[in-house]
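Notes follow once the structure below has been shown.
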Amino acid sequence: MKTTLTAVLTALAIPCAFAADDHDHDHAGETGHEHEENVTKGPNGGHVIESKAGFSFEVTVSKDRKARIVFLDKKFKPVALGAQTIHGIAGERSAPVKLTFAKGKDKDADVLISGQALPAGAHIPLILTIKPSDEAKAVTERLELHLH
């Protein structure tokens, strides 16, 4: 009986022992993780987020660690800013950074730029509250910026 039980347990454990793991970093506690190779790149080389509310935007980070957001059309081309507004929270819950966004100037006239720098680190949790127009309902988007 003991030999049979051992054989059954071994047979059940073998497929788990040889399961392929196609990446080399830990995802403990992460939800909705997207690998770099699966992320759509925008016209400025940033990550494109396709909102459930029917619009898309690209997030990039400047050298001074400020978030930059450009709204995109269906072909992922930048669109002129209208009445879009964004507020956000970046970083860990224990030390969040509140972000306010303002319209850029000159060549950045169609870019919303955070007034505050993102917190230190290569993986930054980010929660954005986006109002795509004056009459639209605000939409919350949760993502993680991978700055490497």
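Laboratory data are not the source of any read-out in this text; all were calculated from the coordinates shown. Bear in mind the structure is a predicted one, so any value in this text is a computation, not a measurement. We place every Cβ from the backbone using ideal geometry, glycine too, and count neighbours over all the protein chains shown.
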Quiz prompt | Inter-label distance for Phe76 and Glu92, nm, one decimal - labels placed 7 Å from Cα along Cα-to-Cβ | solution = 3.3
Quiz item: Say R0 is 25 Å: what FRET efficiency, to the nearest 0.05, do Lys63 and Lys131 get from their beta-carbon distance?
Solution: 0.35
Quiz prompt | Taking all pairs of distinct alpha-carbon atoms in the range 36-146, Kirkwood radius in angstrom | solution = 14.1
Practice problem: At 7 Å along the Cα-to-beta-carbon direction for both Glu50 and Lys105, put a label point, then send me their distance in nm to one decimal. | Solution: 3.7
Quiz item: What net charge do the residues around Ser114 carry, taking every other residue with its C-beta under 13 Å from that of Ser114, with Lys and Arg at +1 and Asp and Glu at -1?
Solution: +3
